[in-house]
1. Kindly indicate whether any position in segment 241-254 is in contact (Cβ under 8 Å) with a residue 40 or more places away in the chain, open to solvent by 10 Å² or more (accessible area, probe 1.4 Å) and not polar (S, T, N, Q).
2. Determine the pairs where a residue that is more than 21 Å from residue 54 (Cβ to Cβ), located within segment 273-285, has a partner that is away from the ligand (no atom under 16 Å from the Cβ) and assigned to a loop (DSSP other than H, G, I, E, B) with Cβ atoms under 8 Å apart, the partner being 6 or more residues away or on another chain.
3. State whether one or more residues within segment 121-140 are closer than 16 Å to residue 278 by Cβ, crowded, with 18+ Cβ neighbours inside 10 Å and touching a residue at least 40 places away in the same chain (Cβ under 8 Å).
4. Among the residues of segment 260-286, which ones are within 16 Å of residue 121 (Cα to Cα), more than 16 Å from the ligand (Cβ to nearest atom) and not hydrophobic (A, V, I, L, M, F, W, C)?
5. Please count how many residues of segment 54-72 are under 22 Å from residue 294 (Cα atoms) and more than 13 Å from the ligand (Cβ to nearest atom).
6. Could you tell me which residue of segment 287-298 is nearest to the ligand (Cβ to nearest atom), considering only residues that are open to solvent by 20 Å² or more (accessible area, probe 1.4 Å) and assigned to a helix (DSSP H, G or I)?
7. Being open to solvent by 70 Å² or more (accessible area, probe 1.4 Å), within 18 Å of residue 307 (Cα to Cα) and away from the ligand (no atom under 16 Å from the Cβ) narrows it down to one residue among 46, 36, 25; which is it?
8. Of the numbered conditions (1) outside the structural domain of residue 9 (by TED's automatic domain parsing); (2) open to solvent by less than 10 Å² (accessible area, probe 1.4 Å), residue 237 fails exactly one; give the number of that condition.
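The values are calculated or read from the model by the stated rules, or taken from the named source; none is laboratory data. Everything quoted here is computed from the prediction, not taken from an experiment. As a convention, Cβ positions derive from the backbone with ideal geometry for all residues, glycine included, and neighbour counts pool all protein chains shown. Ligands, DNA and RNA are excluded from the accessible area calculation, which covers all protein heavy atoms including side chains. Shrake-Rupley method; radii C 1.70, N 1.55, O 1.52, S 1.80 Å.
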Amino acid sequence: MARLRVLVTRRWPAEVEARLAEMCDATFNVGDVPMDGAALALAMADYDVLCPTVSDRIDAAVIAGGNRVKLIANYGVGFDHIDLTMARAKGIAVTNTPGVLTDATADIALTLLLMAARRAGEGERELRAGKWSGWRPTHLVGSALKDKVLGCVGFGRIAQATARRAHHGFGMKVAYYARRPAEADVEAEFMPYLKDLLAKADFVSLHVPGGPETANLIDAAAIAAMKPGSYLINTARGGVLDHGALAAALRSGHLAGAGLDVYPAEPQVPAELLDIENIVLLPHLGSANSQTRIAMGMCALANVRAFASGATLPNPIP
Ligand code: DGY
């Protein structure tokens, strides 16, 4: 196999880096310091393959930086951080790592849902601050999950895995909004109109890809359409949600709680959320278990290997 020059923009699990180093001339970001646009643009002229991840912004200016890179093998399933139009125009293939992080992300959606419903973040903060005054019937009372409706916005792999957990694990009913009915192995009601789903669901969980088509999908009007006393969970992308409107709905009591794992300009977290008690805020942990992170790396590596040998790419983004 030709020794391709490959740049990996952030640290990967050690075993994946070792495997990549065996098969190509790989450069690793040993300090794991985020690369800025200028450094990424320079890399486009120096390497055959760029392996970025979801926190790198691979915009038109970066892609225009050079003509050598012919594969962008993203470590991650989401690709709204990559300018696909520009990549296509320059004949650069782009791949991602679908499938391998489905269960991990669904686990985090349920973590957020449970934490919000049972007020776990509030309880932990109270206890650590030495403010817990003891058990009492009215202390931090949350919501049950059984027979409540989980409303999934989008019903792809991760949404369905979330729905299975919610239904089989917690006795929730499932409804979903999507462009068309999905073949799913969990009982779920298809709702063709988003506003109907929002009015029906006790827990709304977002599962649409990021990007211009879904930007601000859950805006102030959508939040107003949610059932009073319901909860909002987001493990998809931050840009899907109007955080100012969410903050207002939590403060007014229209929503009972929320749980977020993603934000529009990570690692910044919208400041208006930070002092609200009934919201759980996680630092983009959806895929963060070691088995999943290794599987994501091996998946990115399979795309690099296929590219090196001229084989069909396993996970091309069309
Ligand atoms: C992805 O791969 O797009 C996820 O957001 C990472 O957890």
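1. Let us first name the residues in segment 241-254 that are in contact (Cβ under 8 Å) with a residue 40 or more places away in the chain, namely none.
No; the residues of segment 241-254 include none that is in contact (Cβ under 8 Å) with a residue 40 or more places away in the chain, open to solvent by 10 Å² or more (accessible area, probe 1.4 Å) and not polar (S, T, N, Q).
2. 278/119
3. Checked segment 121-140: at least one residue is closer than 16 Å to residue 278 by Cβ, crowded, with 18+ Cβ neighbours inside 10 Å and touching a residue at least 40 places away in the same chain (Cβ under 8 Å).
4. Correct list: 275, 277, 278.
5. So the first thing to find is which residues in segment 54-72 are under 22 Å from residue 294 (Cα atoms), and the list is 54-56, 71-72.
Next, from what is left, pick out any that are more than 13 Å from the ligand (Cβ to nearest atom): 71-72.
Within segment 54-72, residues that are under 22 Å from residue 294 (Cα atoms) and more than 13 Å from the ligand (Cβ to nearest atom) number 2.
6. As a first pass, look at segment 287-298 and keep what is open to solvent by 20 Å² or more (accessible area, probe 1.4 Å): 288-291, 293-295, 298.
After this cut, where a residue has to be assigned to a helix (DSSP H, G or I) as well, the list is 290-291, 293-295, 298.
Working: 290: 13, 291: 14, 293: 9, 294: 14, 295: 11, 298: 14 Å.
Going through the qualifying residues, I end up with 293.
7. Details: 36 fails: within 18 Å of residue 307 (Cα to Cα); 25 fails: open to solvent by 70 Å² or more (accessible area, probe 1.4 Å).
After ruling out the rest, the residue left standing is 46.
8. (2)
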